[in-house]
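First the structure, in the form of structure tokens, and then the observations on it.
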Amino acid sequence: MHSEILAQPGYTSVPVDEAPVKDLFPGIRLRPLWKGENGAHANVVEFDPGSTWPERDVHEPGPEEVFVVSGTFNDGARDYPAGTFIHAPAGSWHVPATESGCTLFVFYPEG
């Protein structure tokens, strides 16, 4: 084992089920996992079945990277099953929703 790996500055881990939960909208929860000094951050977003983001979700100031961990995610235009990666460039938008429920890993490289 190389225990010095864990002593490196900034090296972090968190079990998702131990991350704090923030209710964003009815049936939609955010679990923040990490935030970098430049504003970059990583989250898990959980959607209950039948939940919908109530407005356009605009990607500002930078892009949004989404990986569908489980379930099926809909961006307002089409469905994305588990295992799908989505890159949404800065300034783009979508209206997140799901019929079946889903869990997403969401990364904002520029905050």
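The values are calculated or read from the model by the stated rules, or taken from the named source; none is laboratory data. None of the values given here were measured: they were computed from a predicted structure. Positions of Cβ are backbone-derived with ideal geometry, glycine not excepted, and every protein chain shown enters the neighbour counts. Side chains included, ligands, DNA and RNA excluded: accessible areas come from the protein's heavy atoms. Shrake-Rupley method; radii C 1.70, N 1.55, O 1.52, S 1.80 Å.
Other residues with beta-carbon under 11 Å from the beta-carbon of residue 42 carry, at +1 per Lys or Arg and -1 per Asp or Glu, a net charge of +1.
In whole percent, how big is the carbon plus sulfur part of the accessible area of the chain, probe 1.4 Å, protein atoms only?
56 percent
Loop-located chymotrypsin sites (Phe, Trp or Tyr not before Pro) in region 1-91 (DSSP state other than H, G, I, E, B) with a sparse environment of at most 16 neighbouring Cβ atoms within 10 Å: 11. Taking the chain as a Gaussian network of alpha-carbon nodes connected by springs under 10 Å, the highest mean-square fluctuation of the residues 49, 89, 15 belongs to 15. Gaussian network model of the chain, Cα springs within a sub-10 Å range: biggest mean-square fluctuation belongs to which of 77, 40, 19? For the chain, modelled as a Gaussian network with Cα springs under 10 Å, the answer is 77.
Just tell me the longest site-free run in the chain, where the sites are GluC sites (Glu not before Pro) in a DSSP loop having at most 10 other beta-carbon atoms within 10 Å. Intermediate values should be presented prior to the final figure.
Working: sites that count: 37, 55.
Here the longest run is 56-111.
For region 76-81, 3J(HN,Hα) computed residue by residue from phi via the Karplus equation (6.51, -1.76, 1.60; θ = phi - 60°) reads x, 10, 7, 8, 10, x Hz, glycine and proline entered as x.
Using a cutoff of 8 angstrom between alpha carbon atoms and counting only pairs six or more residues apart, the relative contact order for the chain works out to 29 percent. Under the combined filter of DSSP loop state and at most 12 neighbouring Cβ atoms within 10 Å, region 30-111 retains these trypsin sites (Lys or Arg not before Pro): 56, 78. Per-residue 3J(HN,Hα) values for region 53-59, derived from phi via the Karplus relation 6.51 cos²θ - 1.76 cosθ + 1.60 with θ = phi - 60°, read 5, x, 7, 4, 9, 8, 8 Hz in sequence order (x marks Gly and Pro).
How many Å² of accessible area per residue for the chain, probe 1.4 Å? Don't skip to the answer; put the middle values down first.
Working: 6860 Å² over 111 residues.
In whole numbers, the chain has 62 Å² accessible per residue.
Among 68, 45, 95, the largest mean-square fluctuation in a Gaussian network model of the chain, built with springs joining Cα atoms closer than 10 Å, belongs to 95.
Assuming R0 = 25 Å, what is the FRET efficiency of residue 2 and residue 82, from their Cβ-Cβ distance, to the nearest 0.05?
Details: r = 33 Å, r/R0 = 1.31.
Once rounded, the FRET efficiency stands at 0.15.
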